[in-house]
Amino acid sequence: MSCPTINSCVAVGITNAGTDRAAPLVERLAQGRWHLVPAANPGGAFLDAVSCVSAMNCWAVGLEHSLTPPAPSLVEHVGPTSASAVVSPSVGPQSQLTGIACPTRSKCLASNNTTSGACQNIAT
């Protein structure tokens, strides 16, 4: 979860929404209530982390489902009412992005869970 202001937060994760297929979950706290934000990749993927530079500019990372390894990494830009898929960097044999930090509006760094500690710039 990332909270750029005291009244605005974005949380990401995974849901199965009553089905047998995982889907990314994105929710936004606004006006004291949590609201579902439609994810760009609706099925077979999940989001691990999110970082918000402002209330309207958040980035989330995770992993897409693939029957053929390696599964591609997943990057979504989260706006006020929807999320959009972004071309994600190649991070080697383990493509799951597990962390993200956005120190400025034009710079977000994502990391994966390999021993090499790969870190990729995903926003410019």
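The values are calculated or read from the model by the stated rules, or taken from the named source; none is laboratory data. What you are looking at is a predicted structure, and each value in this text was computed from that prediction instead of being measured. Here Cβ is always computed from backbone atoms with ideal geometry, including for glycine, and neighbour counts include all displayed protein chains.
Within the stretch 53-60, can one find any residue that is within 23 Å of ASN16 (Cα to Cα), in a loop (DSSP other than H, G, I, E, B) and at pLDDT below 90? Within the stretch 53-60, not a single residue is within 23 Å of ASN16 (Cα to Cα), in a loop (DSSP other than H, G, I, E, B) and at pLDDT below 90. Of all residues in the stretch 45-91, those that are under 16 Å from ASN112 (Cα atoms), among the β-branched types (Val, Ile, Thr) and touching an Asp or Glu at 6+ places or on another chain (Cβ under 8 Å) total 1. With respect to LEU63, determine if the residue is surrounded by 12 or more Cβ atoms within 10 Å (Cβ to Cβ), touching a residue at least 24 places away in the same chain (Cβ under 8 Å) and hydrophobic (A, V, I, L, M, F, W, C). In short, yes.
Rundown of residues vs (1) surrounded by 11 or more Cβ atoms within 10 Å (Cβ to Cβ); (2) closer than 12 Å to CYS58 by Cβ; (3) charged (D, E, K, R); (4) touching a strand residue (DSSP E or B) at 6+ places or on another chain (Cβ under 7 Å), yes/no style:
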residue: ASN7; (1), (2), (3), (4): yes, no, no, no
residue: VAL10; (1), (2), (3), (4): yes, yes, no, yes
residue: ILE14; (1), (2), (3), (4): yes, no, no, yes
residue: LEU25; (1), (2), (3), (4): yes, no, no, yes
residue: ARG28; (1), (2), (3), (4): yes, yes, yes, yes
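Output the residues belonging to the stretch 18-66 that are within 21 Å of THR5 (Cβ to Cβ) and polar (S, T, N, Q). If the condition is that a residue be within 21 Å of THR5 (Cβ to Cβ) and polar (S, T, N, Q), then GLN31, SER51, SER54, ASN57 are the ones that fit.
Taken over the stretch 4-39, the criterion of being small (Gly, Ala, Ser) and touching a His at 6+ places or on another chain (Cβ under 8 Å) is satisfied by ALA22 alone.
Within 20 Å of SER95 (Cα to Cα), among the β-branched types (Val, Ile, Thr), without any contact (Cβ under 8 Å) to a residue 60 or more places away in the chain and surrounded by 17 or more Cβ atoms within 10 Å (Cβ to Cβ): does that describe VAL50? Steps first, answer last, please.
Details: within 20 Å of SER95 (Cα to Cα): yes; among the β-branched types (Val, Ile, Thr): yes; without any contact (Cβ under 8 Å) to a residue 60 or more places away in the chain: yes; surrounded by 17 or more Cβ atoms within 10 Å (Cβ to Cβ): yes.
Criteria met by VAL50.
Would you confirm whether or not the stretch 66-89 contains a residue that is at pLDDT below 80, touching a His at 6+ places or on another chain (Cβ under 8 Å) and surrounded by 13 or more Cβ atoms within 10 Å (Cβ to Cβ)? Spell out how you get there, then give the answer.
From the stretch 66-89, those at pLDDT below 80 are 66-71, 88-89; that's our starting set.
In the following step, the residues that additionally are touching a His at 6+ places or on another chain (Cβ under 8 Å) were identified as 71.
Those still in the list that are surrounded by 13 or more Cβ atoms within 10 Å (Cβ to Cβ) too: 71.
Yes, because at least one residue in the stretch 66-89 is at pLDDT below 80, touching a His at 6+ places or on another chain (Cβ under 8 Å) and surrounded by 13 or more Cβ atoms within 10 Å (Cβ to Cβ).
Test of understanding: among GLY32, GLY18, GLY43, which residue is modelled with pLDDT under 95, more than 13 Å from the chain's Cα centre (by Cα) and surrounded by 13 or more Cβ atoms within 10 Å (Cβ to Cβ)?
Values: GLY32 fails: surrounded by 13 or more Cβ atoms within 10 Å (Cβ to Cβ); GLY18 fails: surrounded by 13 or more Cβ atoms within 10 Å (Cβ to Cβ).
The conditions single out GLY43.
Scanning the stretch 1-52 for residues that are among the acidic types (Asp, Glu) and part of a strand (DSSP E or B) yields GLU27, ASP48.
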